[in-house]
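First comes the structure, then the notes that go with it.
The values are calculated or read from the model by the stated rules, or taken from the named source; none is laboratory data. Just so it is clear, the model here is predicted, and its values are computed rather than measured. Using ideal geometry, Cβ is built from the backbone for each residue, glycine included, and neighbour counts are taken over all protein chains shown.
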Ligand code: ASP
(Lines give C-alpha, C1' and ligand atoms only; values in the text may rest on other atoms or scores of the structure.)
Protein backbone atom coordinates (compact mmCIF):
# COMPACT_ATOMS: atom_id res chain seq x y z
CA UNK A 1 0.00 0.00 0.00
CA UNK A 2 1.31 3.42 -0.88
CA UNK A 3 -0.81 5.66 1.29
CA UNK A 4 -3.54 5.69 3.92
CA UNK A 5 -4.27 9.42 3.80
CA UNK A 6 -3.71 12.25 1.37
CA UNK A 7 -1.93 15.51 2.05
CA UNK A 8 -5.06 17.57 2.49
CA UNK A 9 -7.06 15.61 5.00
CA UNK A 10 -5.36 15.56 8.39
CA UNK A 11 -6.95 17.69 11.14
CA UNK A 12 -6.72 18.07 14.93
CA UNK A 13 -8.88 14.99 15.49
CA UNK A 14 -6.28 12.82 13.79
CA UNK A 15 -3.58 13.61 16.35
CA UNK A 16 -1.99 10.40 17.58
CA UNK A 17 -2.81 8.47 14.43
CA UNK A 18 -0.15 6.64 12.39
CA UNK A 19 -0.25 7.47 8.71
CA UNK A 20 1.33 6.47 5.42
CA UNK A 21 1.56 9.36 2.95
CA UNK A 22 2.92 10.10 -0.52
CA UNK A 23 3.60 13.35 -2.31
CA UNK A 24 6.00 15.81 -3.86
CA UNK A 25 8.46 17.87 -1.84
CA UNK A 26 7.23 21.45 -1.92
CA UNK A 27 10.02 22.83 0.23
CA UNK A 28 12.22 21.93 3.16
CA UNK A 29 13.71 23.95 5.98
CA UNK A 30 16.68 22.75 7.95
CA UNK A 31 16.72 24.21 11.45
CA UNK A 32 19.65 22.18 12.77
CA UNK A 33 17.94 19.94 15.28
CA UNK A 34 14.84 19.64 13.16
CA UNK A 35 14.09 19.50 9.46
CA UNK A 36 10.67 20.48 8.18
CA UNK A 37 9.47 19.27 4.80
CA UNK A 38 6.20 20.33 3.15
CA UNK A 39 4.74 17.56 1.06
CA UNK A 40 2.12 18.21 -1.53
CA UNK A 41 -0.38 16.31 -3.61
CA UNK A 42 -3.60 17.16 -5.41
CA UNK A 43 -5.41 17.50 -2.07
CA UNK A 44 -3.13 19.87 -0.20
CA UNK A 45 0.06 20.30 1.77
CA UNK A 46 1.13 18.65 5.00
CA UNK A 47 4.13 19.57 7.10
CA UNK A 48 6.47 16.74 7.96
CA UNK A 49 8.93 17.00 10.79
CA UNK A 50 12.19 15.08 11.13
CA UNK A 51 13.79 15.23 14.55
CA UNK A 52 17.58 14.92 14.86
CA UNK A 53 17.29 13.62 18.41
CA UNK A 54 14.92 10.81 17.42
CA UNK A 55 16.71 9.61 14.34
CA UNK A 56 19.79 11.41 13.06
CA UNK A 57 20.23 9.39 9.87
CA UNK A 58 16.59 9.86 8.90
CA UNK A 59 16.97 13.58 9.48
CA UNK A 60 20.07 13.53 7.33
CA UNK A 61 18.12 11.88 4.47
CA UNK A 62 15.42 14.52 4.78
CA UNK A 63 18.05 17.23 4.40
CA UNK A 64 19.03 15.70 1.08
CA UNK A 65 15.55 15.99 -0.39
CA UNK A 66 15.15 18.29 -3.34
CA UNK A 67 12.13 20.15 -4.63
CA UNK A 68 9.62 17.89 -6.42
CA UNK A 69 11.18 14.59 -5.26
CA UNK A 70 8.38 12.07 -4.83
CA UNK A 71 8.45 10.52 -1.39
CA UNK A 72 6.54 8.16 0.83
CA UNK A 73 6.60 8.52 4.60
CA UNK A 74 5.30 6.69 7.60
CA UNK A 75 4.79 8.67 10.77
CA UNK A 76 2.57 9.93 13.56
CA UNK A 77 0.23 12.91 13.47
CA UNK A 78 1.14 15.39 16.20
CA UNK A 79 -0.10 18.83 17.20
CA UNK A 80 1.79 21.65 15.58
CA UNK A 81 3.64 24.06 17.81
CA UNK A 82 2.89 27.06 15.59
CA UNK A 83 -0.48 26.66 13.93
CA UNK A 84 -0.62 27.72 10.25
CA UNK A 85 -4.01 29.23 9.49
CA UNK A 86 -3.23 29.48 5.76
CA UNK A 87 -3.65 25.76 5.12
CA UNK A 88 -6.38 23.32 6.14
CA UNK A 89 -3.84 20.92 7.66
CA UNK A 90 -2.23 23.77 9.60
CA UNK A 91 -3.15 22.40 13.06
CA UNK A 92 -1.01 19.31 12.72
CA UNK A 93 2.27 17.97 11.45
CA UNK A 94 3.51 14.44 10.91
CA UNK A 95 6.54 13.22 12.82
CA UNK A 96 8.29 10.97 10.35
CA UNK A 97 9.55 7.53 11.33
CA UNK A 98 10.27 6.16 7.87
CA UNK A 99 11.13 7.91 4.61
CA UNK A 100 11.26 6.30 1.15
CA UNK A 101 12.27 8.24 -1.92
CA UNK A 102 9.99 6.96 -4.68
CA UNK A 103 11.60 9.07 -7.38
CA UNK A 104 14.09 11.91 -7.52
CA UNK A 105 13.25 15.04 -9.48
CA UNK A 106 15.42 17.38 -11.47
CA UNK A 107 15.12 20.96 -10.30
CA UNK A 108 11.94 22.16 -12.02
CA UNK A 109 12.39 24.94 -14.61
CA UNK A 110 9.97 27.19 -12.71
CA UNK A 111 8.70 27.32 -9.18
CA UNK A 112 5.67 25.20 -8.37
CA UNK A 113 3.96 27.99 -6.47
CA UNK A 114 0.64 29.79 -6.90
CA UNK A 115 2.42 32.68 -8.51
CA UNK A 116 5.28 31.18 -10.44
CA UNK A 117 8.34 32.68 -12.09
CA UNK A 118 7.67 30.63 -15.27
CA UNK A 119 6.64 32.40 -18.47
CA UNK A 120 3.73 31.18 -20.62
CA UNK A 121 5.76 29.17 -23.12
CA UNK A 122 7.93 27.48 -20.50
CA UNK A 123 4.87 26.54 -18.49
CA UNK A 124 3.30 25.04 -21.60
CA UNK A 125 6.41 23.07 -22.44
CA UNK A 126 6.34 21.57 -18.96
CA UNK A 127 2.59 21.50 -18.64
CA UNK A 128 2.67 18.49 -16.29
CA UNK A 129 4.57 20.63 -13.80
CA UNK A 130 2.25 23.57 -14.33
CA UNK A 131 -0.68 21.28 -13.53
CA UNK A 132 0.89 20.68 -10.11
CA UNK A 133 0.33 24.36 -9.31
CA UNK A 134 -2.91 25.25 -7.52
CA UNK A 135 -4.27 27.76 -10.05
CA UNK A 136 -4.09 25.31 -12.97
CA UNK A 137 -5.00 22.26 -10.91
CA UNK A 138 -8.05 24.04 -9.50
CA UNK A 139 -9.16 25.04 -12.99
CA UNK A 140 -8.93 21.45 -14.16
CA UNK A 141 -10.90 20.29 -11.14
CA UNK A 142 -13.47 23.02 -11.74
CA UNK A 143 -13.80 21.92 -15.35
CA UNK A 144 -14.40 18.32 -14.27
CA UNK A 145 -17.06 19.51 -11.84
CA UNK A 146 -18.80 21.60 -14.49
CA UNK A 147 -18.84 18.69 -16.91
CA UNK A 148 -20.15 16.34 -14.23
CA UNK A 149 -22.91 18.80 -13.21
CA UNK A 150 -23.78 19.34 -16.88
CA UNK A 151 -24.22 15.61 -17.33
CA UNK A 152 -26.28 15.40 -14.13
CA UNK A 153 -28.64 18.14 -15.30
CA UNK A 154 -29.03 16.89 -18.85
CA UNK A 155 -29.30 13.20 -17.86
CA UNK A 156 -31.90 14.25 -15.29
CA UNK A 157 -33.86 16.01 -18.01
CA UNK A 158 -33.91 12.86 -20.14
CA UNK A 159 -31.12 13.69 -22.57
CA UNK A 160 -29.17 10.86 -24.17
CA UNK A 161 -25.42 11.25 -24.64
CA UNK A 162 -24.32 10.11 -28.09
CA UNK A 163 -20.84 10.14 -29.59
CA UNK A 164 -20.66 11.31 -33.18
CA UNK A 165 -17.70 10.59 -35.49
CA UNK A 166 -14.51 12.63 -35.67
CA UNK A 167 -13.57 11.48 -39.16
CA UNK A 168 -16.16 13.08 -41.39
CA UNK A 169 -16.58 14.79 -44.73
CA UNK A 170 -15.18 18.20 -45.50
CA UNK A 171 -17.74 20.95 -46.17
CA UNK A 172 -17.12 24.41 -47.55
CA UNK A 173 -19.43 26.39 -45.25
CA UNK A 174 -18.12 27.86 -41.99
CA UNK A 175 -14.49 27.92 -40.97
CA UNK A 176 -11.67 25.96 -42.59
CA UNK A 177 -11.59 22.22 -41.89
CA UNK A 178 -8.68 20.25 -40.50
CA UNK A 179 -8.03 17.54 -43.04
CA UNK A 180 -6.97 13.93 -42.47
CA UNK A 181 -5.65 11.96 -45.46
CA UNK A 182 -7.03 8.46 -45.89
CA UNK A 183 -4.43 5.74 -46.44
CA UNK A 184 -6.96 3.19 -47.64
CA UNK A 185 -8.63 5.62 -50.02
CA UNK A 186 -5.75 7.35 -51.75
CA UNK A 187 -6.24 11.00 -52.64
CA UNK A 188 -9.29 11.16 -50.45
CA UNK A 189 -9.57 13.01 -47.21
CA UNK A 190 -11.59 13.09 -44.05
CA UNK A 191 -12.23 16.32 -42.22
CA UNK A 192 -12.40 16.76 -38.46
CA UNK A 193 -15.80 18.14 -37.43
CA UNK A 194 -16.18 21.85 -36.81
CA UNK A 195 -19.19 20.78 -34.76
CA UNK A 196 -21.47 17.72 -34.78
CA UNK A 197 -24.23 19.88 -36.31
CA UNK A 198 -25.50 17.59 -39.05
CA UNK A 199 -25.14 14.46 -36.94
CA UNK A 200 -27.24 15.85 -34.14
CA UNK A 201 -29.92 16.76 -36.65
CA UNK A 202 -29.78 13.21 -38.03
CA UNK A 203 -30.19 11.90 -34.48
CA UNK A 204 -33.44 13.88 -34.34
CA UNK A 205 -34.56 12.18 -37.54
CA UNK A 206 -33.51 8.95 -35.82
CA UNK A 207 -35.91 9.66 -32.97
CA UNK A 208 -33.34 10.39 -30.20
CA UNK A 209 -35.36 13.44 -29.30
CA UNK A 210 -33.01 14.85 -26.65
CA UNK A 211 -29.31 14.54 -27.44
CA UNK A 212 -26.20 15.95 -25.89
CA UNK A 213 -22.48 15.45 -26.07
CA UNK A 214 -19.50 17.12 -24.46
CA UNK A 215 -17.44 17.06 -27.57
CA UNK A 216 -14.24 18.23 -29.22
CA UNK A 217 -14.64 20.46 -32.29
CA UNK A 218 -11.89 21.51 -34.68
CA UNK A 219 -11.61 24.72 -36.68
CA UNK A 220 -8.58 25.66 -38.70
CA UNK A 221 -8.98 29.40 -38.28
CA UNK A 222 -6.34 32.05 -38.10
CA UNK A 223 -5.77 32.08 -34.41
CA UNK A 224 -6.80 35.14 -32.56
CA UNK A 225 -5.63 35.52 -29.01
CA UNK A 226 -7.28 32.99 -26.78
CA UNK A 227 -8.72 30.81 -29.56
CA UNK A 228 -7.81 27.15 -29.71
CA UNK A 229 -7.84 25.07 -32.91
CA UNK A 230 -9.52 22.30 -30.94
CA UNK A 231 -12.07 23.23 -28.36
CA UNK A 232 -14.95 21.64 -26.50
CA UNK A 233 -18.67 22.21 -26.82
CA UNK A 234 -21.64 21.10 -24.79
CA UNK A 235 -23.62 20.22 -27.88
CA UNK A 236 -27.37 19.70 -27.57
CA UNK A 237 -30.40 19.12 -29.77
CA UNK A 238 -34.09 18.52 -29.11
CA UNK A 239 -36.99 17.46 -31.31
CA UNK A 240 -40.60 18.69 -31.13
CA UNK A 241 -39.57 21.99 -29.58
CA UNK A 242 -39.98 25.67 -30.19
CA UNK A 243 -37.40 28.31 -29.40
CA UNK A 244 -39.07 28.95 -26.05
CA UNK A 245 -38.61 25.31 -24.96
CA UNK A 246 -34.93 25.46 -25.76
CA UNK A 247 -34.32 28.76 -24.01
CA UNK A 248 -36.01 27.45 -20.88
CA UNK A 249 -34.23 24.10 -20.86
CA UNK A 250 -30.75 25.60 -21.27
CA UNK A 251 -31.32 28.59 -19.07
CA UNK A 252 -32.02 25.85 -16.53
CA UNK A 253 -28.63 24.30 -17.24
CA UNK A 254 -26.76 27.56 -16.62
CA UNK A 255 -28.81 28.26 -13.48
CA UNK A 256 -28.03 24.74 -12.24
CA UNK A 257 -24.29 25.12 -12.89
CA UNK A 258 -24.01 28.48 -11.17
CA UNK A 259 -26.06 27.29 -8.22
CA UNK A 260 -24.29 23.98 -7.62
CA UNK A 261 -20.78 25.16 -8.41
CA UNK A 262 -20.67 28.82 -7.39
CA UNK A 263 -23.59 28.92 -4.96
CA UNK A 264 -25.08 31.77 -6.99
CA UNK A 265 -28.81 32.07 -7.53
CA UNK A 266 -29.65 33.68 -10.84
CA UNK A 267 -33.02 35.16 -11.66
CA UNK A 268 -34.73 34.87 -15.03
CA UNK A 269 -32.31 35.84 -17.81
CA UNK A 270 -33.14 39.06 -19.62
CA UNK A 271 -33.79 38.78 -23.36
CA UNK A 272 -32.92 41.29 -25.99
CA UNK A 273 -33.15 41.18 -29.75
CA UNK A 274 -30.03 41.31 -31.87
CA UNK A 275 -31.12 44.66 -33.28
CA UNK A 276 -31.66 46.11 -29.85
CA UNK A 277 -28.32 44.79 -28.60
CA UNK A 278 -26.50 46.47 -31.46
CA UNK A 279 -28.38 49.73 -30.90
CA UNK A 280 -27.99 49.82 -27.12
CA UNK A 281 -24.51 48.34 -26.72
CA UNK A 282 -22.95 48.34 -30.18
CA UNK A 283 -22.39 44.58 -30.02
CA UNK A 284 -24.34 41.34 -30.12
CA UNK A 285 -22.62 40.20 -26.94
CA UNK A 286 -23.22 42.99 -24.47
CA UNK A 287 -21.77 42.96 -20.99
CA UNK A 288 -24.75 43.97 -18.86
CA UNK A 289 -23.02 43.92 -15.49
CA UNK A 290 -23.09 47.71 -15.83
CA UNK A 291 -25.20 50.35 -17.64
CA UNK A 292 -23.51 52.89 -19.91
CA UNK A 293 -26.09 52.17 -22.60
CA UNK A 294 -25.76 54.02 -25.87
CA UNK A 295 -27.80 57.17 -26.41
CA UNK A 296 -28.24 58.34 -30.00
CA UNK A 297 -27.70 62.06 -30.29
CA UNK A 298 -27.68 62.48 -34.07
CA UNK A 299 -30.76 64.73 -34.20
CA UNK A 300 -29.43 67.00 -31.47
CA UNK A 301 -26.03 67.38 -33.01
CA UNK A 302 -26.54 68.31 -36.63
CA UNK A 303 -26.39 71.76 -38.21
CA UNK A 304 -24.02 73.41 -35.78
CA UNK A 305 -21.14 73.73 -38.22
CA UNK A 306 -19.26 71.00 -36.46
CA UNK A 307 -18.33 69.13 -39.59
CA UNK A 308 -17.58 65.82 -37.89
CA UNK A 309 -21.13 65.62 -36.56
CA UNK A 310 -22.70 67.15 -39.65
CA UNK A 311 -21.16 64.52 -41.88
CA UNK A 312 -21.88 61.62 -39.59
CA UNK A 313 -24.48 58.97 -40.19
CA UNK A 314 -24.71 58.42 -36.44
CA UNK A 315 -23.71 60.45 -33.40
CA UNK A 316 -23.87 58.28 -30.32
CA UNK A 317 -22.58 58.39 -26.78
CA UNK A 318 -22.96 57.02 -23.30
CA UNK A 319 -23.06 58.41 -19.82
CA UNK A 320 -20.51 57.52 -17.18
CA UNK A 321 -21.77 57.89 -13.63
CA UNK A 322 -19.44 60.18 -11.69
CA UNK A 323 -17.17 60.36 -14.73
CA UNK A 324 -16.77 64.14 -14.41
CA UNK A 325 -14.02 63.39 -11.93
CA UNK A 326 -11.85 62.01 -14.76
CA UNK A 327 -8.86 64.29 -15.13
CA UNK A 328 -7.91 65.95 -18.42
CA UNK A 329 -5.07 63.47 -18.64
CA UNK A 330 -7.38 60.50 -18.15
CA UNK A 331 -9.72 61.80 -20.83
CA UNK A 332 -6.76 62.31 -23.18
CA UNK A 333 -5.82 58.68 -22.60
CA UNK A 334 -9.35 57.64 -23.53
CA UNK A 335 -9.09 59.70 -26.70
CA UNK A 336 -5.79 58.00 -27.53
CA UNK A 337 -7.32 54.60 -26.86
CA UNK A 338 -10.26 55.41 -29.14
CA UNK A 339 -7.89 56.30 -31.95
CA UNK A 340 -5.84 53.10 -31.76
CA UNK A 341 -6.17 51.00 -34.94
CA UNK A 342 -7.90 48.23 -33.01
CA UNK A 343 -10.70 50.61 -31.90
CA UNK A 344 -10.58 52.67 -35.06
CA UNK A 345 -12.44 55.84 -34.01
CA UNK A 346 -11.50 59.13 -35.62
CA UNK A 347 -11.94 60.99 -32.37
CA UNK A 348 -13.88 61.28 -29.15
CA UNK A 349 -15.98 64.16 -27.92
CA UNK A 350 -16.59 64.62 -24.21
CA UNK A 351 -19.18 66.54 -22.29
CA UNK A 352 -18.68 67.01 -18.56
CA UNK A 353 -21.70 67.75 -16.41
CA UNK A 354 -19.90 69.21 -13.45
CA UNK A 355 -21.04 68.95 -9.85
CA UNK A 356 -21.74 72.70 -9.88
CA UNK A 357 -24.09 71.99 -12.81
CA UNK A 358 -21.96 73.84 -15.35
CA UNK A 359 -21.41 71.91 -18.57
CA UNK A 360 -18.07 71.76 -20.33
CA UNK A 361 -17.46 69.97 -23.58
CA UNK A 362 -14.60 69.57 -26.01
CA UNK A 363 -16.80 71.13 -28.71
CA UNK A 364 -17.93 74.26 -26.81
CA UNK A 365 -16.98 76.31 -29.86
CA UNK A 366 -19.85 74.80 -31.83
CA UNK A 367 -22.51 74.11 -29.25
CA UNK A 368 -24.31 76.51 -26.92
CA UNK A 369 -25.10 75.83 -23.29
CA UNK A 370 -28.64 75.15 -24.42
CA UNK A 371 -27.47 72.48 -26.90
CA UNK A 372 -25.33 70.78 -24.30
CA UNK A 373 -28.19 70.82 -21.81
CA UNK A 374 -30.21 68.86 -24.33
CA UNK A 375 -27.46 66.23 -24.54
CA UNK A 376 -27.31 65.96 -20.78
CA UNK A 377 -31.10 65.56 -20.58
CA UNK A 378 -31.19 62.96 -23.33
CA UNK A 379 -28.42 60.97 -21.64
CA UNK A 380 -30.21 61.17 -18.32
CA UNK A 381 -27.01 62.51 -16.77
CA UNK A 382 -26.70 63.83 -13.23
CA UNK A 383 -24.23 66.43 -12.01
CA UNK A 384 -20.86 64.71 -11.74
CA UNK A 385 -21.37 62.56 -14.85
CA UNK A 386 -19.40 62.46 -18.08
CA UNK A 387 -20.75 61.82 -21.57
CA UNK A 388 -18.45 60.41 -24.25
CA UNK A 389 -19.52 60.70 -27.87
CA UNK A 390 -18.37 59.28 -31.19
CA UNK A 391 -19.60 60.01 -34.71
CA UNK A 392 -19.31 58.43 -38.14
CA UNK A 393 -20.66 55.49 -40.13
CA UNK A 394 -23.25 53.69 -38.02
CA UNK A 395 -21.64 50.25 -38.00
CA UNK A 396 -18.10 51.48 -37.33
CA UNK A 397 -19.09 53.97 -34.66
CA UNK A 398 -21.11 51.44 -32.73
CA UNK A 399 -18.23 48.99 -32.81
CA UNK A 400 -15.68 51.55 -31.64
CA UNK A 401 -17.93 52.94 -28.92
CA UNK A 402 -18.66 49.45 -27.69
CA UNK A 403 -14.94 48.82 -27.24
CA UNK A 404 -14.60 52.10 -25.37
CA UNK A 405 -17.51 51.11 -23.14
CA UNK A 406 -15.76 47.89 -22.11
CA UNK A 407 -12.43 49.65 -21.71
CA UNK A 408 -13.88 52.20 -19.31
CA UNK A 409 -15.86 49.60 -17.39
CA UNK A 410 -12.65 47.64 -16.91
CA UNK A 411 -10.81 50.77 -15.83
CA UNK A 412 -13.36 51.76 -13.22
CA UNK A 413 -13.80 48.24 -11.90
CA UNK A 414 -17.26 47.44 -13.24
CA UNK A 415 -16.27 44.10 -14.78
CA UNK A 416 -16.31 42.13 -11.57
CA UNK A 417 -15.54 38.47 -12.36
CA UNK A 418 -17.58 37.38 -9.35
CA UNK A 419 -20.75 38.85 -10.82
CA UNK A 420 -22.57 36.82 -13.49
CA UNK A 421 -24.91 38.64 -15.85
CA UNK A 422 -26.32 36.26 -18.46
CA UNK A 423 -28.75 37.27 -21.18
CA UNK A 424 -30.29 35.80 -24.31
CA UNK A 425 -29.80 37.63 -27.56
CA UNK A 426 -32.62 36.69 -29.97
CA UNK A 427 -33.79 37.14 -33.55
CA UNK A 428 -30.46 37.18 -35.33
CA UNK A 429 -30.57 37.93 -39.05
CA UNK A 430 -30.60 34.72 -41.08
CA UNK A 431 -28.05 35.93 -43.62
CA UNK A 432 -25.23 38.37 -43.69
CA UNK A 433 -23.77 40.00 -46.78
CA UNK A 434 -20.13 39.27 -47.41
CA UNK A 435 -18.41 42.05 -49.36
CA UNK A 436 -15.43 39.93 -50.30
CA UNK A 437 -17.31 37.07 -51.94
CA UNK A 438 -20.24 39.33 -52.91
CA UNK A 439 -22.79 36.91 -51.61
CA UNK A 440 -24.86 36.11 -48.55
CA UNK A 441 -23.47 33.85 -45.86
CA UNK A 442 -25.49 32.11 -43.17
CA UNK A 443 -25.03 34.16 -40.05
CA UNK A 444 -25.34 31.09 -37.81
CA UNK A 445 -25.18 28.13 -40.20
CA UNK A 446 -27.11 26.98 -43.29
CA UNK A 447 -29.44 24.74 -41.28
CA UNK A 448 -31.00 27.59 -39.31
CA UNK A 449 -34.68 28.18 -40.02
CA UNK A 450 -35.94 31.61 -41.04
CA UNK A 451 -38.79 32.94 -38.93
CA UNK A 452 -41.94 31.55 -40.58
CA UNK A 453 -43.32 35.03 -41.32
CA UNK A 454 -40.08 36.03 -43.02
CA UNK A 455 -39.82 33.09 -45.45
CA UNK A 456 -41.57 35.15 -48.13
CA UNK A 457 -38.84 37.81 -47.87
CA UNK A 458 -36.15 35.26 -48.75
CA UNK A 459 -36.44 36.22 -52.41
CA UNK A 460 -37.25 39.90 -52.22
CA UNK A 461 -35.18 41.01 -49.22
CA UNK A 462 -32.86 38.25 -48.01
CA UNK A 463 -30.90 40.64 -45.80
CA UNK A 464 -34.00 41.43 -43.74
CA UNK A 465 -34.97 37.85 -42.97
CA UNK A 466 -34.75 37.06 -39.26
CA UNK A 467 -33.99 33.64 -37.88
CA UNK A 468 -35.10 31.76 -34.84
CA UNK A 469 -31.50 31.92 -33.72
CA UNK A 470 -30.26 32.83 -30.27
CA UNK A 471 -27.06 33.34 -28.33
CA UNK A 472 -26.44 33.05 -24.63
CA UNK A 473 -24.12 35.82 -23.50
CA UNK A 474 -22.49 36.04 -20.09
CA UNK A 475 -20.46 39.07 -19.04
CA UNK A 476 -19.83 40.14 -22.62
CA UNK A 477 -18.83 36.68 -23.84
CA UNK A 478 -20.78 34.55 -26.26
CA UNK A 479 -21.13 31.35 -24.27
CA UNK A 480 -23.62 29.53 -26.45
CA UNK A 481 -25.57 29.77 -29.66
CA UNK A 482 -28.18 27.80 -31.48
CA UNK A 483 -31.29 27.89 -33.56
CA UNK A 484 -34.47 26.22 -34.65
CA UNK A 485 -33.53 24.21 -37.72
CA UNK A 486 -35.01 23.75 -41.12
CA UNK A 487 -36.63 20.30 -41.27
CA UNK A 488 -38.19 20.57 -44.69
CA UNK A 489 -36.22 19.44 -47.72
CA UNK A 490 -37.53 22.14 -50.04
CA UNK A 491 -36.80 24.96 -47.66
CA UNK A 492 -33.33 23.55 -47.02
CA UNK A 493 -32.52 23.41 -50.74
CA UNK A 494 -33.91 26.92 -51.18
CA UNK A 495 -31.57 28.01 -48.41
CA UNK A 496 -28.58 26.41 -50.10
CA UNK A 497 -29.46 28.30 -53.27
CA UNK A 498 -29.45 31.60 -51.39
CA UNK A 499 -26.04 30.73 -50.06
CA UNK A 500 -24.74 30.31 -53.59
CA UNK A 501 -24.68 26.51 -53.83
CA UNK A 502 -25.69 24.96 -57.14
CA UNK A 503 -28.09 22.01 -56.86
CA UNK A 504 -25.21 19.70 -57.64
CA UNK A 505 -22.96 21.17 -54.94
CA UNK A 506 -25.75 21.07 -52.37
CA UNK A 507 -26.42 17.45 -53.21
CA UNK A 508 -22.74 16.52 -53.06
CA UNK A 509 -22.13 18.25 -49.76
CA UNK A 510 -25.38 17.77 -47.91
CA UNK A 511 -27.30 15.15 -49.89
CA UNK A 512 -27.35 12.86 -46.85
CA UNK A 513 -29.17 15.47 -44.79
CA UNK A 514 -31.68 16.34 -47.48
CA UNK A 515 -32.38 12.66 -48.04
CA UNK A 516 -32.98 12.26 -44.33
CA UNK A 517 -35.43 15.14 -44.44
CA UNK A 518 -37.54 13.05 -46.82
CA UNK A 519 -38.11 10.37 -44.20
CA UNK A 520 -40.15 12.20 -41.61
CA UNK A 521 -37.77 14.68 -40.01
CA UNK A 522 -39.37 16.14 -36.88
CA UNK A 523 -39.27 19.86 -36.09
CA UNK A 524 -36.14 20.37 -34.05
CA UNK A 525 -33.63 22.84 -32.70
CA UNK A 526 -30.66 23.04 -30.43
CA UNK A 527 -27.75 24.90 -29.01
CA UNK A 528 -24.06 24.46 -28.32
CA UNK A 529 -22.10 26.02 -25.49
CA UNK A 530 -18.41 26.81 -25.64
CA UNK A 531 -17.32 24.65 -22.76
CA UNK A 532 -13.79 26.05 -22.39
CA UNK A 533 -15.10 29.61 -22.24
CA UNK A 534 -17.88 28.65 -19.82
CA UNK A 535 -15.27 27.11 -17.51
CA UNK A 536 -13.07 30.21 -17.77
CA UNK A 537 -15.96 32.56 -16.96
CA UNK A 538 -17.06 30.43 -14.04
CA UNK A 539 -13.46 30.36 -12.87
CA UNK A 540 -13.43 34.16 -12.97
CA UNK A 541 -11.02 34.41 -15.89
CA UNK A 542 -11.18 35.52 -19.51
CA UNK A 543 -8.44 33.17 -20.63
CA UNK A 544 -9.56 29.73 -21.81
CA UNK A 545 -6.06 28.36 -22.07
CA UNK A 546 -5.69 27.96 -18.33
CA UNK A 547 -8.82 25.81 -18.27
CA UNK A 548 -7.58 23.30 -20.83
CA UNK A 549 -5.27 20.59 -19.54
CA UNK A 550 -3.01 20.60 -22.60
CA UNK A 551 -3.62 23.75 -24.65
CA UNK A 552 -1.96 24.97 -27.82
CA UNK A 553 -0.14 28.27 -28.06
CA UNK A 554 -1.25 31.27 -30.13
CA UNK A 555 0.29 29.76 -33.26
CA UNK A 556 -1.68 26.57 -32.80
CA UNK A 557 1.34 24.61 -31.63
CA UNK A 558 1.62 22.12 -28.83
CA UNK A 559 4.96 23.18 -27.42
CA UNK A 560 5.30 20.17 -25.19
CA UNK A 561 4.85 17.65 -28.01
CA UNK A 562 6.34 19.92 -30.63
CA UNK A 563 3.31 19.41 -32.85
CA UNK A 564 2.51 19.81 -35.65
CA UNK A 565 5.64 18.15 -36.95
CA UNK A 566 7.00 16.61 -40.11
CA UNK A 567 6.27 13.00 -40.96
CA UNK A 568 8.66 10.80 -42.84
CA UNK A 569 8.53 10.09 -46.55
CA UNK A 570 7.39 6.48 -46.12
CA UNK A 571 4.36 7.70 -44.25
CA UNK A 572 3.70 10.38 -46.84
CA UNK A 573 4.02 7.81 -49.60
CA UNK A 574 1.59 5.46 -47.89
CA UNK A 575 -0.90 8.29 -47.73
CA UNK A 576 -0.39 9.12 -51.38
CA UNK A 577 1.00 12.54 -50.48
CA UNK A 578 3.90 14.33 -52.08
CA UNK A 579 7.29 13.52 -50.60
CA UNK A 580 9.23 16.38 -49.05
CA UNK A 581 12.87 17.22 -48.61
CA UNK A 582 13.24 16.15 -44.99
CA UNK A 583 16.29 18.37 -44.49
CA UNK A 584 14.57 21.40 -45.84
CA UNK A 585 13.05 23.66 -43.23
CA UNK A 586 14.16 23.41 -39.65
CA UNK A 587 11.91 22.69 -36.73
CA UNK A 588 9.22 25.31 -36.50
CA UNK A 589 9.37 26.91 -33.12
CA UNK A 590 6.84 29.74 -33.39
N1 LIG B 1 -23.38 23.78 -34.22
C2 LIG B 1 -23.56 25.14 -33.84
C3 LIG B 1 -22.21 25.79 -33.56
O4 LIG B 1 -21.21 25.11 -33.45
C5 LIG B 1 -24.41 25.31 -32.64
C6 LIG B 1 -25.85 24.96 -32.88
O7 LIG B 1 -26.47 25.55 -33.76
O8 LIG B 1 -26.37 24.14 -32.13
O9 LIG B 1 -22.14 26.99 -33.42
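A few notes on this one:
- In region 470-492, the residues that are more than 10 Å from the ligand (Cβ to nearest atom) and over 20 Å from the mean Cα position of the chain (by Cα): 486, 487, 488, 489, 490, 491, 492
- Members of region 76-95 that are in a strand (DSSP E or B) and closer than 17 Å to residue 41 by Cα: 92, 93, 94
- Members of region 49-58 found to be over 44 Å from the mean Cα position of the chain (by Cα) and either assigned to a strand (DSSP E or B) or within 18 Å of residue 23 (Cα to Cα) (or both), listed by number: 50, 51, 58
This table checks each residue for (1) closer than 12 Å to residue 351 by Cα; (2) touching a residue at least 24 places away in the same chain (Cβ under 8 Å).
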site	(1), (2)
366	no, yes
370	no, no
375	yes, yes
384	yes, yes
391	no, yes
401	no, yes
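- Test: residue in region 111-131 that is touching a residue at least 40 places away in the same chain (Cβ under 8 Å), out of contact with any strand residue (DSSP E or B) (no Cβ under 9 Å at 6 or more places or on another chain), closer than 30 Å to residue 507 by Cβ and exposed (fewer than 15 other Cβ atoms within 10 Å of the Cβ): no
- Filtered residues of region 169-215 (kept if within 13 Å of the ligand (Cβ to nearest atom), without any contact (Cβ under 8 Å) to a residue 60 or more places away in the chain and within 16 Å of residue 230 (Cβ to Cβ)): 175, 193, 194, 196, 213, 215
- Each residue in region 415-450 was checked for being more than 16 Å from the ligand (Cβ to nearest atom) and either within 24 Å of the chain's Cα centre (by Cα) or at pLDDT 95 or above (or both), and 9 of them qualify.
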